[in-house]
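Here is the structure we will look at, set down as structure tokens.
The values are calculated or read from the model by the stated rules, or taken from the named source; none is laboratory data. As the structure is a prediction and not an experimental result, all values here were calculated from the model. Ideal geometry is used to build each Cβ from the backbone, glycine not excepted, and the neighbour counts take in all protein chains shown. In case anyone asks, the SASA skips ligands and DNA or RNA and just uses the protein heavy atoms, side chains included. Shrake-Rupley method; radii C 1.70, N 1.55, O 1.52, S 1.80 Å.
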Amino acid sequence: MSNRDINRRNRRKAKRVVAQKASATALGWAVTLGVVGASTSAMALIAAYPIPNVVSGVTQSFAQLQGKITSEIIVMSNTHPSMIDGTTDSINAAIKVATEQEALGAQLVAENAIQTKQALAASYQAGQIQANIAKKLVDYGARGQGVSPCLVISENSVMDTALRLAADNAKAKVEDTDNAPGRLMPSKEAAVNHRAAIHNKFCSESEVAQGVQCNGVSPLPAADQNSAILTTPKAPNSLAAQASIAYRQNLLGKPDVALPEAVGQTPAGQAYLMATNRKSALNSFPAMSLAYIEAMNELNPDLKDRDGNPMSANDALLETVGRYYGGKDSKEWQEKMIEQQPRGLLAETARMEGLSLYMQFIKHKSYNRLLGNAAALSIATALPLEDDMDSQLNALNSASLASGIRR
């Protein structure tokens, strides 16, 4: 490229730069003067003023604009820090609130966790209490206490009372007979008449037919000779009770007769009284056993069964044993045992074991009476031997006395 071309290009470039600066100056002047218009107005302004005036106006407007900008910068410099401080304070306050809220939120979370755990523990404890209550209801309800526990306790108490009363009553019944231990009738005639008066109440049809002096056929014929009367349930002071006493009298033998005082002072009288004492002692065991059998079968008005009827000690005992085997309640007992909880089964087992021990105790007392009767029987068996020895002793004494006389 030639120098001419270079110079030509530079001149065109310079003209463009001057035109651009003039346009910018005019535009700034128009902004400074507050004239808002289109580029047409600016061009008109440029056309209206020569370039020197434009430059001067632009310079003046630039100075004004620079002053205004400077003042605005100063104002901004003064207000911006306070705005920053206010914003910073707001941010700090917001951060503080947020921090406090976060701390409060953590505390609330912790408190909620504690409350949740407490509620869980309370719920677990309530569940345990409900489970314990349910267990107690089962253990101590109808299926945990055995079959009819209240009724069983009542009946067991009645049975124990009945057996105790029977034992006491038996002791008194020993004295009901005319041949009770230590009792003596005034005379043989009195003894015979007493027995005859009793037997007249129990005459049989054959006795009446044979002309025996009786009051007619008895409702209980020959009951005073029949052992079944002892085991028959009977009310006190009834005809059956009198028959039972008469049977015991007949079984124990005829009554002993008292001696006149003068006769009783003699050696023979003393021997007789000693023999009666011996007989009463030997008869005391059989007398007690027979009286006990009668007492066990005597109806007691103070002892009632479920229907309100008087019952004997044997009835009470049979009702208790029959509850488990053979009685009218045994079927119901077996059915209800299927429904029992383990505790109820243990309770029933304990009751049956208790009844078994009670029966063993009764058996033990009966065994003691049996031993006494066996001892009395053994002694009675030895009485003939004792009589033989007495006879031999008397013979020896007589022989010794005769030998002394001869000398």
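Below are the figures for this structure:
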read-out: Any helices (runs of 4 or more DSSP H) falling wholly within segment 292-407 and containing at least 1 residues that are touching a Ser or Thr at 6+ places or on another chain (Cβ under 8 Å) and open to solvent by less than 60 Å² (accessible area, probe 1.4 Å); value: 313-322, 342-406
read-out: Residue tally, condition farther than 22 Å from residue 285 by Cα and in a loop (DSSP other than H, G, I, E, B), over segment 221-249; value: 7
read-out: Test: residue 168 is among the charged types (D, E, K, R), open to solvent by 40 Å² or more (accessible area, probe 1.4 Å) and in a helix (DSSP H, G or I); value: yes
read-out: Test for residue 218: is it outside any helix (DSSP H, G or I), at negative phi and of a type in the set (Gly, Ala, Ser); value: yes
read-out: Yes/no for residue 162 being within 18 Å of residue 297 (Cα to Cα), assigned to a helix (DSSP H, G or I) and touching a helix residue (DSSP H, G or I) at 6+ places or on another chain (Cβ under 6 Å); value: yes
read-out: Test: residue in segment 255-272 that is closer than 29 Å to residue 378 by Cβ, open to solvent by 40 Å² or more (accessible area, probe 1.4 Å) and charged (D, E, K, R); value: no
read-out: Qualifying residue in segment 243-262 (condition: free of Cβ contacts under 8 Å to residues at least 12 places away in the same chain and of a type in the set (Ser, Thr, Tyr)); value: no
read-out: Residue 139 being under 30 Å from residue 341 (Cα atoms) and at pLDDT below 80; value: yes
